[in-house]
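Here's the structure we're looking at; comments come further down.
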Amino acid sequence: MKKIRLAVLGSVVSLLAACGSTPNQQPAPVVERTSSTGKVVDAAAAPAAPAPSGRGYYTVKKGDTLYRIALEAGQNWRDIVAWNNLTNPNDIKVDQTLRVAPPDRAPGTAQTAAVAASPAAGLDVKPLGAPGTSAPAAPVPVGSNKTGPRGDKRPYSESALAELEKPDAPAASGTSVASAAPSAPTKAEQPHAADKPAAASQAATEDEGVSWMWPAEGKVVGTFEGGKKGVDIAGKAGQAVLAAGAGKVMYAGSGIRGYGNLVIIKHTSNLLSAYAHNQTILVKEGQSVTKGQKIAEMGKSDSDTVKLHFEIRQQGKPVDPSKYLPPR
C-alpha cells in the first residue's frame, strides 16, 4: 500500500512540474532581402536611381525660372513642360534635373535590330521570340569557321623551309586572299556617319537662308563686345519694334527676370531672336510673323531707360548680332 501511495504521489508531482514549466518560445522568422551580390539590402535605405545628366539635361539653380532655362536652351518652355511632365511651370526646385532637349527615341527602346544584323563570326545567334517559344537559330555566316587545311608536321629540312617561305597559293575556288577579305562598309551600312554631316550641312543652309534686318531705329548704346548678350538700341517710348526675320513666336510675356516684356521668335531649328524691355507686346505665342512686322512697342520694362535689348541665339547660346544684321 505504501508503495502505491508513493507511486501516486510521484505522478502528481510530475504533473504539477509539467504544468508550471513554460514552453520554448521560437523567435519570429526574419526575412532578409539580399542583392545579387549576396549582401543584405535594407529596402528603406536603398539608394534612389541617379538623376540623368549630361547633354540635353539641366540642373536647376537658385533663382532659375523655367522661362529663363528655356531661353538659355533655345527651346520653347511648353516643350520643356511636356518633356518633364510638369503640372506647374512655376513649380521647379533647386537641384531638380530637367530635360531641355527633345528625346532621341522613346525610353526603353533598344537597338536590337542593329545588333542582330551583325553577329560576331562563329557565334550561334538566335533572334528573340515570344516568351515560351523557341526561335530557330540564325545561320552562321559563311566563312566564319576555318575551312582551310590543317598544318602538318614535317621534319626540318632546307627544302621544307624554302617551301614554307613561298607566298600562299590562291584558294581552290579561284579567289585570292585580297578578294576574300571583307569589303569596306557601304554608305548604306553607315547611316550615322553619313547622316550627321548631311544634317549639319542642312542646318547650316537653313540658317544662312534667314534674311535679317535691324529690329528698330535708333543709336546703338550697348554692344555684344561690351559684355552684353546682345545689343541695346535707344529710342522713344511706343516706338515700333520689328521682327528682325521671319519665324514663329516662341515666347511672349514677362516671366524672365531682367528682360521685362519679352518676345522670342524662332527662325530655324538653331536660330532665335529676343526683343526685351518692351512697353507693349503685339503678338502671341505660336503666331507666325514676317520680316519687318511690328511685334511690340519700345519701352523700359525692367530697365532704367527706354531701349530695345536685342539678342540672336544659336542653339541657345548668344552670338554677336552684328555678324547677322546688315551694316547701317
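The values are calculated or read from the model by the stated rules, or taken from the named source; none is laboratory data. Owing to the predicted nature of the structure, the values given are computational and were not obtained by experimental measurement. Heads up, the Cβs are rebuilt from the backbone with ideal geometry, glycines too, and the neighbour counts pull from every protein chain shown. The protein model used for the area step is the full one, side chains on, heavy atoms only, and it has no ligands, DNA or RNA in it. Shrake-Rupley method; radii C 1.70, N 1.55, O 1.52, S 1.80 Å.
Could you identify the single residue in G247, G316 that is open to solvent by less than 10 Å² (accessible area, probe 1.4 Å) and either at pLDDT 95 or above or in contact with an Asp or Glu (Cβ under 9 Å, 6 or more places away or on another chain) (or both)? Please lay out each step first, then the result.
Working: G247 fails: open to solvent by less than 10 Å² (accessible area, probe 1.4 Å).
Residue meeting the stated conditions: G316.
Quick one: count up the residues across segment 223-239 that are within 34 Å of the chain's Cα centre (by Cα), surrounded by 13 or more Cβ atoms within 10 Å (Cβ to Cβ) and not hydrophobic (A, V, I, L, M, F, W, C).
Of segment 223-239, the ones within 34 Å of the chain's Cα centre (by Cα) are 224-225, 227-231.
This time we only want the ones that are surrounded by 13 or more Cβ atoms within 10 Å (Cβ to Cβ), so: 224, 228-231.
Restricting the remaining residues to those that are not hydrophobic (A, V, I, L, M, F, W, C) gives 228-230.
Counting residues in segment 223-239 that are within 34 Å of the chain's Cα centre (by Cα), surrounded by 13 or more Cβ atoms within 10 Å (Cβ to Cβ) and not hydrophobic (A, V, I, L, M, F, W, C) gives 3.
Among (1) open to solvent by 60 Å² or more (accessible area, probe 1.4 Å); (2) under 27 Å from S201 (Cβ atoms), which single condition is K284 missing?
With respect to (1) open to solvent by 60 Å² or more (accessible area, probe 1.4 Å); (2) under 27 Å from S201 (Cβ atoms), K284 is out only on (2).
In segment 69-86, what count of residues is obtained for those that are touching a residue at least 40 places away in the same chain (Cβ under 8 Å) and either among the hydroxyl-bearing types (S, T, Y) or open to solvent by less than 60 Å² (accessible area, probe 1.4 Å) (or both)?
7
Answer yes if at least one residue in segment 254-271 is in contact (Cβ under 8 Å) with a residue 12 or more places away in the chain, surrounded by fewer than 22 Cβ atoms within 10 Å (Cβ to Cβ) and of a type in the set (V, I, T), and no otherwise.
yes
Within segment 205-222, can one find any residue that is open to solvent by 30 Å² or more (accessible area, probe 1.4 Å), within 26 Å of D64 (Cα to Cα) and in contact (Cβ under 8 Å) with a residue 24 or more places away in the chain?
No, segment 205-222 contains no residue that is open to solvent by 30 Å² or more (accessible area, probe 1.4 Å), within 26 Å of D64 (Cα to Cα) and in contact (Cβ under 8 Å) with a residue 24 or more places away in the chain.
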